[in-house]
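Asker: Before I ask anything, here is the structure I am working with.
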Amino acid sequence: MKKIVSALMAFMAIGGCLGAATVANASVITYQSRFSDAGNFASGAEYKSAIDGLLTTGATAGYCDRNVGVFADINNQMLCRNGSDSNIAFHYNIAFGLAATNSWSFRLGPDFSKGGAVFLDGQLVASKNDDLWWFGDFNAKDELLEATVTNLLAGNHVLDIYGFDSCCDGEQSAQFRVGAGQWTTFSRQDKQNHVPEPASLALVGAAAIGLRASRRLWV
């Protein structure tokens, strides 16, 4: 009986570890908002600096920090309890990965009435300081924040989006495209992270060792 229990425990360990690795096979999206009536900065770096400064303190009433499942038609009122519809500083962080080096494109449909900026792995890739409202239409190119990287290396990456909105907290969406593929909404199911984290690999290895040990009990 002990042999059977040991084997089952080893299989369960492998299943749990593989499950942990599978969770990483998607974009991880976090959202932060703070009160601010600033904006219309001259450079992307100024947008980043201003909002990073606001994020050093906790969110006040009407603003929040949240995890996001799907980056489609979201706004501050939806994500935050009694969320404000004005004077919002936005920060989105998207952690994702590529299985192979490829061209990679991004587009954000924002409501940033005072402009915003996008950074990929800490490097500025898009910035506009005018009134941006996409009105739910990705064909409204002048209203989008978008970028294409011709040879984004395989591995894990981080996208940071910053923006300010004085009014009225319209719904926002973000999508990516790999190579000449289809545009896909960032989400927990978008398969944008095919690179297991080292910790996950170590757990799988440990479980495999446990399975080999349990097999010896059957001999």
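Just so you know, all these numbers are worked out from the coordinates, no wet-lab data involved. Note that this is a predicted model, so its numbers are computed, not measured. Cβ placement follows ideal geometry from the backbone for every residue including glycine, while neighbour counts extend to all protein chains displayed.
Asker: Determine, from the Cβ-Cβ distance of residue 82 and residue 148 and an R0 of 41 Å, the FRET efficiency 1/(1 + (r/R0)^6), rounded to the nearest 0.05.
Answerer: Calculated value: 0.60.
Asker: Two-decimal Rg/Rh of segment 25-195 from alpha-carbon positions, Kirkwood Rh?
Answerer: 0.95
Asker: Mind listing the Cα extents of segment 56-109 along all three principal axes, in Å, largest one first?
Answerer: Result, largest extent first: 43, 25, 19 Å.
Asker: Sorted by average packing, counted as other Cβ atoms within 10 angstrom per residue and highest first, what order do 117-124, 91-98 take? It would help to have the intermediate numbers written out before the result.
Answerer: Working: 117-124: 17.1, 91-98: 19.9.
In descending order of packing, they fall as 91-98, 117-124.
Asker: What are the ³J(HN,Hα) couplings of segment 104-110, residue after residue, when phi is run through the Karplus curve with 6.51, -1.76, 1.60 and θ = phi - 60°? Round to Hz, x for glycine and proline.
Answerer: Taking θ as phi minus 60°, the curve returns 9, 10, 9, 8, 10, x, x Hz for segment 104-110.
Asker: Provide the per-residue ³J(HN,Hα) series for segment 83-94, in order, calculated from phi with Karplus coefficients 6.51, -1.76, 1.60 and θ = phi - 60°, each as a whole number of Hz, with x at glycine and proline positions.
Answerer: Using θ = phi - 60°, the values come out as x, 6, 10, 8, 6, 10, 9, 9, 9, 10, 10, 10 Hz.
Asker: Shifting gears a bit: Excluding residue 40 itself, what net charge comes from residues whose Cβ is under 13 Å from its Cβ, given Lys and Arg +1 and Asp and Glu -1?
Answerer: -3
Asker: Determine ³J(HN,Hα), in whole Hz, for all residues of segment 45-54 in sequence, where each value follows from phi through the Karplus function 6.51 cos²θ - 1.76 cosθ + 1.60 and θ = phi - 60°; x replaces Gly and Pro.
Answerer: 4, 5, 4, 4, 4, 5, 6, 4, x, 5
Asker: A further question on this structure: Hey, how many Å between the Cα centroid of segment 76-99 and the Cα centroid of segment 125-155?
Answerer: Distance between centres, Cα-based: 17 Å.
Asker: Please state the relative contact order of segment 25-195 as a whole percent: Cα pairs under 8 Å, 6+ residues apart? Mind dumping the intermediate values first?
Answerer: Working: 471 pairs, mean separation 59.1, N = 171.
Answer for segment 25-195 is 35 percent.
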